[in-house]
Amino acid sequence: MLSFDMHIIYLILYCFIIKCVLCDYKNASKMAEYCSHPDCSLKNQHTMCIAANKQSPRLYASGMTTWMRYQILLLHNRHRDNIAMGLEAGQPPATNMRKMYWDYELEEMAEVWARQCQKRHDECRNTIRFNVLQNMDVRPVVSRVTEAQLLADVVGAWFSGSRALPPEHVWSFQLSNCSAPGGCNAHWYSAAAWASTWRLGCSQALCTAKKRSCALFRKKRTLQNSDDEPANVTRTTKRENILRRTKYMTTATHPRFEDFATTEKLNNKESPLHRGILDFENKKKRAEPKIIAFTFCNYGPAGNIDGFPIYDAGTTCTNCPEGTQCGDRTHRALCSVAGDPDITRPKTKK
């Protein structure tokens, strides 16, 4: 007979298996909903269906931390607060600008698409609850630039599109040609500043730069008669390059460093030391991969509806939608939902 402890262990294992089966069924059901989404023009076109289990070979890292979610949400609400108060240059104040809140479904879709390391928008990303718009930013990760500064630059670039938006388009939004001067900057601004949009989900992927094609690589290797590079040098693995460089600089068949310590000899391009230093610097640069940050933000319910106002212009907080009110201690000009913990609660009289 099994002991009492063994019965407990089997019971725990049974519950765990049942939970896994239910989770798999739930995920499969959710995936089926995305793959047959009515808003997609083609079957299996939705981002959560076509790219859910794929990622680019260039992917270095991806995902959002709690701090990153807080930071990018704070940046959006700060810019929207400035718009509502009339502090955005050339734009009127807003009467009905809503406060944004984080949406994990939108984040999940942004994460799946960011992992593809593609500089383009996905084709179908709507949810069952509402239509979704997307903003995109692709920029190299520069040394000595913090994640906070990177996110601030990304969101700031989207809201800077207000400079390309004619003020009259606030009352009646007009879809413009992205090939015109200014590109899609005005569309990115209006997507992030649309008053009735109040759900936000973003993600960021760090990807390595595209590698050179094999044709270019082979073509470069055929130039073996160059004076700057010996014919017997080949570019292989990083470890072999390090070993070759070390051997080249320390072998007894070549002059020692002390023999080339003078400025004249260091400046001599024909000297083995000079070629060794150049080879070291070039290989060091090649060894450090260039990292590109792909940042995607999804907004819902989607704006950018032709002929509709981006927001109602007028006195701040005079036309908040039903169920919302101004009173956020940080963003005083935004309409927050009822029950928002950031809304200042009136003091009760004793």
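The values are calculated or read from the model by the stated rules, or taken from the named source; none is laboratory data. Since we're looking at a predicted model, the values are computed, not measured. As a convention, Cβ positions derive from the backbone with ideal geometry for all residues, glycine included, and neighbour counts pool all protein chains shown. Ligands, DNA and RNA are stripped out before the accessible areas are found, and what is left, the full protein with its side chains, is counted by its heavy atoms. Shrake-Rupley method; radii C 1.70, N 1.55, O 1.52, S 1.80 Å.
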Can you list residues from other chains, or at least 5 along the same chain, whose modelled amide H is less than 5 Å from the amide H of Tyr60? Leu206, Cys207, Thr208
Near Ser172, within a Cβ-to-Cβ distance under 13 Å, what is the net charge of the other residues, with Lys and Arg +1 and Asp and Glu -1? -3
Net +/- balance of residues flanking Ser160 in space, Cβ distance below 11 Å, scoring K and R +1, D and E -1: -1
Provide the packing ranking of 124-132, 80-88, i.e. peptides ordered by the mean count of other C-beta atoms within 10 Å per residue, highest first. 80-88, 124-132
In segment 82-171, what percent of the accessible surface is made up of carbon and sulfur (1.4 Å probe, ligands and nucleic acids excluded)? 53
For the pairs Lys54/Lys119; Lys43/Lys119; Lys54/Lys210; Lys54/Lys99; Lys54/Lys290, flag any whose C-alpha to C-alpha distance is greater than 25 Å. Lys54/Lys99
